[in-house]
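J.: Please see the structure below; I have some questions.
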Amino acid sequence: MNVVETHGLTKNFVVYERNGLIRRTREVRTAVADVSFSVAAGEMVGYVGPNGAGKSTTVKILTGILVPDAGTCSVAGFVPHKRRLELARRIGVVFGQRSNLWWDLPLIESFDLLRHLYRVDHQKHQANLDECVERLALEDVLKTPVRQLSLGQRMRGELTAALLHGPTVLFLDEPTIGLDVVSKAAVRDFLADLNRDRNTTVLLTTHDLDDIERLCKRLLIIDHGTVIYDGGLNELRDEYEPYRTLVVDLVTSGSPLAIDGAETVKVDGPRQWLRFHRDRYSASELINRVGEVAEIRDLTIEEPDIESVVAKIYTRQT
Amino acid sequence: MSVQAEVSASWRAYRHLIGASVRAQMQFRTSLFMQMVASCALTATNFIEVLVIFDHLPMLGNWSAVEVAFLYGASGIGFGLCDMAIGSIERTGELVRTGKFDSIMLRPVGTLVSIAGSDMALRRVGGIAQAALVFVVASARVGIEFNVRNVVLIVVMIFGGTAIFAAVFLATAAIQFWMVGANEIGNALTYGGNYLTSFPLPVFSGWLRRLLAYVVPLAFCAYLPALAILNKPDELGIPAFLRYASPAVAAIVFLAAYGFWRLGVRHYRSTGS
Ligand SMILES: Nc1ncnc2c1ncn2[C@@H]1O[C@H](COP(=O)(O)OP(=O)(O)O)[C@@H](O)[C@H]1O
Ligand SMILES: [Mg+2]
């Protein structure tokens, strides 16, 4: 069953540009253009694109904040902007740059207030809360007013707030933006567990591709409002960056290896880098070939990093 | 959900939100106390101003000072209650401009309830207390009998006034979905409206009278029901049954304003980030 479904989703913004004191020109900016995709229950999908691509606008339509200009969508069986209140109980939303917590209240009081607003049964609330507090290590800051939390602590608080009512779908818009490495890792681990243990469907918007690499098998890439890629992360690499690199540490330093179908791109003492096309060799085949001409002490395979792959897609588009 | 269940759920959500906002304000007790005193002082100056103006307006011969105080007190309580209950919807413009309205829309609670409950102005207690004091003293002196009819009419006057002011608040907040900077116009209508309702309608010129009686029906907040309570003749020829119409008028304008608000929410376009 598809938890999220969109067909031809389109959203325009009318913006006025002031030129001169009174005169202004009207301009229609298309933020999302004809976007169609679906997300099955339990999937964790990365929604990726450069700044201004239309990611947040899509999420706002799917959560009922914005009314689309054209196209249709459904989330958990509801048309978001028509059934916003019912939908709200079934989804969890975190916008990295906004807060759903009460600034002047201790964190725990925000959680308690949410329980009443969402009318969650006390036991279910407590169970969810205990789990989040433990996994996200929030115990020590529960009594701290939200305004005094660090960004990392607040983000973990936001995540908890989005999960207390046990949503079936989670929309995360740049949840790791501005976080330090430790907080980022904590959030990622938590999301991975959540998806695995509770089968929560997650649409994760980010421009941090490490998030995606760590969490998502499937990837939607959006640029200038249109989806330009929808598929697996590995397939994306295969398609756009088919070259991998074998790094071998040989027993002796020597001249560059000459192996048919592989290019020795760098030599540093006994260490050599061989770039090869994934269709030409599997890693083990190439290792065998190298082993025939030299004695190998150690080796690693470098996959192209996703960042450069995506950058390549963007540039190919324009 | 049935309408009744929906209303009771909204009411519960509102109560919890108010509770939270009160607890938040209690963190800054001293400042809250100072604000209450300031609010009280501010409304007191308004009252003195009304009396001074009254002293200089011969055309008010029909109205005694204590009757004007009665009017002032009733409209002040009605306005104060409204301001305290839903005054925080004034923040709409700012929430729209910054995109923070997003969070309001993500909750399983109506947007109006969510905003109205977000920041209850406890400081208004000061202003309400001042208006209530004036009202109690004026009622005692104005020579009305406290029979069932009059008590009912007084309650209806005050809560009808609250609801009509609420409609004005709501409509002016709704405008801000289109005109983000309209906050000042909003203030002019709400606070200015309260100021106007402190005076008997006849002091105003013809077009303003008609505006207040039939368009933005602030005359129903205090003046018209007060005529019924004080048993005064009306020198303007407004149909007598309208003296009792404030609950109906309140219901109509509130529903209209709410419809306008809903339209505004649909128009909300968030912000790019
Ligand atoms: N409320 C708005 N008003 C006007 N333009 C907007 C608004 N929201 C987004 N945009 C524009 O739409 C485009 C997509 O924005 P957004 O969805 O926020 O991108 P992303 O989240 O991918 O960075 C951008 O050009 C942005 O300037
Ligand atoms: Mg964004």
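The values are calculated or read from the model by the stated rules, or taken from the named source; none is laboratory data. Note that this is a predicted model, so its numbers are computed, not measured. Backbone-built Cβ (ideal geometry, glycine too); neighbour counts: all protein chains shown. SASA here: full protein model, heavy atoms, side chains in, ligands and nucleic acids out. Shrake-Rupley method; radii C 1.70, N 1.55, O 1.52, S 1.80 Å.
J.: With label points built 7 Å along Cα→Cβ from the Cα atoms of A:K82 and B:K100, find their separation and express it in nm.
T.: A separation of 3.3 nm, rounded to one decimal place.
J.: What 222 nm value per residue comes from the helices of chain B, counting each DSSP H run with n ≥ 4 as -39,500 (n - 2.57) and dividing by all residues, nearest 500 deg cm²/dmol?
T.: Working: 12 runs with 187 residues, N = 273.
The helix-only estimate for chain B comes to -22500 deg cm²/dmol at 222 nm.
J.: Subtracting the Cα-Cα distance from 0.36 nm times the residue separation, let me have the gained length for B:V66 to B:E235 in nm, one decimal. If you can, show how the numbers build up before the last one.
T.: Values: separation 169, 0.36 × 169 = 60.84 nm, distance 1.87 nm.
Full extension from B:V66 to B:E235 adds 59.0 nm.
J.: Further question on the same structure: Across the protein assembly as shown, how many lysine pairs, 8 or more apart or on two chains, come within less than 25 Å at their alpha-carbon atoms?
T.: Final tally of qualifying lysine pairs is 21.
J.: Hey, another quick one. Could you tell me the calculated FRET efficiency between A:R29 and A:A258, based on Cβ-Cβ distance and R0 = 56 angstrom, to the nearest 0.05?
T.: Working: r = 55 Å, r/R0 = 0.98.
That pair, A:R29 with A:A258, gives E of 0.55.
J.: Using θ = phi - 60° and the Karplus curve 6.51 cos²θ - 1.76 cosθ + 1.60, what whole-Hz ³J(HN,Hα) does each residue of region A:185-196 get, with Gly and Pro shown as x?
T.: Once θ is set to phi - 60°, the couplings for region A:185-196 become 4, 4, 5, 4, 4, 4, 5, 4, 4, 4, 5, 6 Hz.
J.: Given the Cα-Cα distance of B:S205 and B:Q27 and 0.36 nm per residue of separation, how much length would full extension add, in nm?
T.: Working: separation 178, 0.36 × 178 = 64.08 nm, distance 4.74 nm.
Value of the extension gain: 59.3 nm.
J.: A follow-up question, please. Please work out the Cα convex hull volume for chain A and give it in Å³ per residue. Kindly include the intermediate steps, with their values, before the conclusion.
T.: Values: hull volume 63.6 nm³, N = 318.
Spread over its residues, the Cα hull of chain A gives 200 Å³ apiece.
J.: Counting every Cα pair in the protein assembly as shown, what percent are over 43 Å apart?
T.: On the way: 68294 of 174345 pairs.
Above the 43 Å cut-off, the protein assembly as shown has 39 percent of its Cα pairs.
J.: Moving on. Could you identify which residue out of A:P106, A:P242, A:P256 has the top mean-square fluctuation in a GNM of chain A using Cα springs shorter than 10 Å?
T.: A:P256
J.: Compute the accessible area per residue over the protein assembly as shown, keeping the other protein chains in place, probe 1.4 Å, unit Å². Please report the intermediate quantities before stating the final value.
T.: Values: 27290 Å² over 591 residues.
Computed with neighbouring chains in place, this is 46 Å² per residue.
J.: For the pair A:Y16/B:Y244, report the inter-label distance in nm, with labels modelled 7 Å from Cα in the Cβ direction.
T.: 4.9 nm
J.: May I have the extent of the alpha carbons of region B:3-267 along their three principal axes, as whole Å values ordered from largest to smallest?
T.: 55, 41, 37
J.: Relative contact order for chain B: what is it in percent, counting Cα pairs under 8 Å that are at least 6 residues apart?
T.: Values: 361 pairs, mean separation 71.5, N = 273.
Result for chain B is 26 percent.
J.: Taking only the alpha-carbon positions of region B:149-273 and ignoring solvent, what does the Debye formula give for the base-10 log of I(q)/I(0) at q = 0.09, 0.20, 0.21 Å⁻¹?
T.: Computed log10 I(q)/I(0) values: -0.28, -1.09, -1.17.
J.: Using +1 on the beta carbon of Lys and Arg, -1 on that of Asp and Glu, and nothing else charged, what's the dipole of region A:241-317 about the Cα centre, debye to 20? Walk me through the numbers on the way to the answer.
T.: Working: 10 positive and 14 negative charges, 43 e Å.
I would put it at about 200 debye.
J.: Short version: ³J(HN,Hα) in whole Hz for each residue of region B:135-150, in order, from phi by Karplus 6.51 cos²θ - 1.76 cosθ + 1.60 (θ = phi - 60°), x for Gly and Pro, what are they?
T.: Using θ = phi - 60°, the values come out as 5, 5, 4, 5, 4, 5, 9, 7, x, 9, 8, 8, 8, 4, 4, 5 Hz.
J.: Let me ask something else about it. Tell me, what ³J(HN,Hα) does each residue in region A:101-110 have, in order and in whole Hz, if you take phi through Karplus 6.51 cos²θ - 1.76 cosθ + 1.60 with θ = phi - 60° and put x for Gly and Pro?
T.: So the J values, rounded to whole Hz, are 9, 8, 3, 8, 9, x, 3, 4, 6, 4.
J.: Taking amide hydrogens as modeled 1.01 Å from N in the peptide plane, which residues meet the under 5 Å criterion relative to A:A40, leaving out close sequence neighbours?
T.: For A:A40, the qualifying residues are A:V3.
J.: Here's another thing I want to ask about it. Compute the FRET efficiency between A:R214 and B:V155 as 1/(1 + (r/R0)^6), taking r as their Cβ-Cβ distance and R0 = 45 Å, and round to the nearest 0.05. Write down the numbers at each step before the final one.
T.: Details: r = 63 Å, r/R0 = 1.40.
In this case the efficiency is close to 0.10.
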